[in-house]
Amino acid sequence: MVEILSSISGRNNAQFPPYRLIERDYLKEAQLSFGRLERLYHIGQKKAWDGREVLDRLLQRHGGISLPAPKKEAIARVFSIILWGELAAWHISAEIAEALDDVEAKMAATGQAFDEARHFYTMRDYLLALGVDVPPLDGYTRAILVSVLEAGSLVEKLIGMQLLVENVAVHLFRGVAKGGVEPVLAELMPYFEQDEARHVGLGVMFLPAMLAKLSRAESLRLQLFQVKVTTFIVWATILLRESFEALGVDLHRVFRNGISNQLEIFQAMGQADGGTRGIYIPPDMLLKANNLAIDFYFPRPGAPRPRWLRLAHDLMSGTARLGERVLEWAA
Ligand SMILES: [Fe+2]
Ligand SMILES: [Fe+2]
């Protein structure tokens, strides 16, 4: 049976090297279970791009970055999240690569670490070329990244990073590219997006085998972790709403598209092994409730915003700022 390490600590090297990794029977079984993960590694290698070459070419083509200062500052605020998110993803994927026993999944995670290093330096160089100060991370995003970095189990790290954070990143990249406020960034985003989609794939392919091993208590804990991460993502977005809008990002669409994947994960965690392990909510009801919440928090662009809704949004922004101070105080 292909083994999956569920803990990220305490690797026992007394049995090193794992000779079974070269046994034909083991290889056959591992390929059957995780061959698709190995393919992710090879695709990643084939599609690797040179961040220095791509960024130089885009900067030359568009004559650098010419934007009024407030727009540049909005980019720096939003992309501070991406910059430090890339560094966290780099750390986590390298850790996952070390912790996984199966060579196929190890290869996919190693390929991801290689991609995340490129994402980090390319985003850093873009922000330096932007020529404005990069503000510190908002309190909610910092709390999300720290809790994923410090998660005690591999499955929490995988779900937190590959399926929650990466999923948001993919939809955000799409939203920024569509917004088209800054052409260098708009053309850079698809390079990031194609890699991130592969990283989400690692989580999606590996998740069923991991979920099947969870106890009822672990399933519940994971669902609560997901609720916490998703809630913080919403508050971070409320806090940075003006910056997203300055970049032309359609938050309504980003959340509508992103949320369906989140719901599938939530249900999968609730129903590991075909039975109900954690919290189960009928999918239709869950989708409806989420769509209503999105319509309220992030209305469709151009949709009428009556006075009561404008007041509610002002109140939410104030609450988000207050919550951020509480998080800073608690850290
Ligand atoms: Fe990345
Ligand atoms: Fe990624």
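A few notes on this one:
- Condition check for Gln60: within 16 Å of ligand 2 (Cβ to nearest atom) and farther than 22 Å from Ala151 by Cβ: no
- Odd one out for Glu73 among (1) open to solvent by 80 Å² or more (accessible area, probe 1.4 Å); (2) of a type in the set (D, E, K, R); (3) more than 30 Å from Phe244 (Cα to Cα): (3)
- When the range 89-100 is filtered for residues that are within 11 Å of ligand 2 (Cβ to nearest atom) and crowded, with 23+ Cβ neighbours inside 10 Å, the ones remaining, listed by number, are Ala89, Ile92, Ser93.
- Whenever a residue of the range 240-260 is open to solvent by 10 Å² or more (accessible area, probe 1.4 Å), its partners that are among the aliphatic types (A, V, I, L, M) and part of a loop (DSSP other than H, G, I, E, B), lying with C-beta atoms within less than 6 angstrom and at least six residues away or across chains, give the pairs Gly248/Val181.
- In the range 114-132 there is at least one residue matching the filter, namely being modelled with pLDDT of 95 or more, within 16 Å of ligand 1 (Cβ to nearest atom) and either under 28 Å from Leu224 (Cβ atoms) or assigned to a loop (DSSP other than H, G, I, E, B) (or both).
- Selection status of Met205, farther than 18 Å from Ala169 by Cβ, within 16 Å of ligand 2 (Cβ to nearest atom) and either open to solvent by 40 Å² or more (accessible area, probe 1.4 Å) or out of contact with any Asp or Glu (no Cβ under 8 Å at 6 or more places or on another chain) (or both): yes
- Those residues of the range 171-187 which are open to solvent by less than 10 Å² (accessible area, probe 1.4 Å) and either at pLDDT below 85 or within 15 Å of ligand 2 (Cβ to nearest atom) (or both), in sequence order: Phe173
- Ala209 farther than 26 Å from Ala312 by Cα and within 16 Å of ligand 1 (Cβ to nearest atom): no
- Set side by side, the residues Val146, Val168, Val200 differ, and just one is within 19 Å of Arg36 (Cβ to Cβ) and open to solvent by 20 Å² or more (accessible area, probe 1.4 Å), which is Val200.
- The single condition among (1) open to solvent by less than 40 Å² (accessible area, probe 1.4 Å); (2) farther than 30 Å from Ala246 by Cβ that Leu127 does not meet is (2).
- Of all residues in the range 12-55, those satisfying the criterion of being under 19 Å from Glu98 (Cα atoms) and part of a loop (DSSP other than H, G, I, E, B) are Asn12, Phe16, Pro17, Pro18.
- Residue match in the range 101-108 (condition: within 16 Å of ligand 1 (Cβ to nearest atom) and open to solvent by less than 60 Å² (accessible area, probe 1.4 Å)): yes
The values are calculated or read from the model by the stated rules, or taken from the named source; none is laboratory data. What you are looking at is a predicted structure, and each value in this text was computed from that prediction instead of being measured. All Cβ positions, even for glycine, are placed from backbone atoms using ideal geometry, and neighbour counts span all protein chains on display. Just the protein is used for accessible areas: all its heavy atoms, side chains included, with ligands, DNA and RNA removed. Shrake-Rupley method; radii C 1.70, N 1.55, O 1.52, S 1.80 Å.
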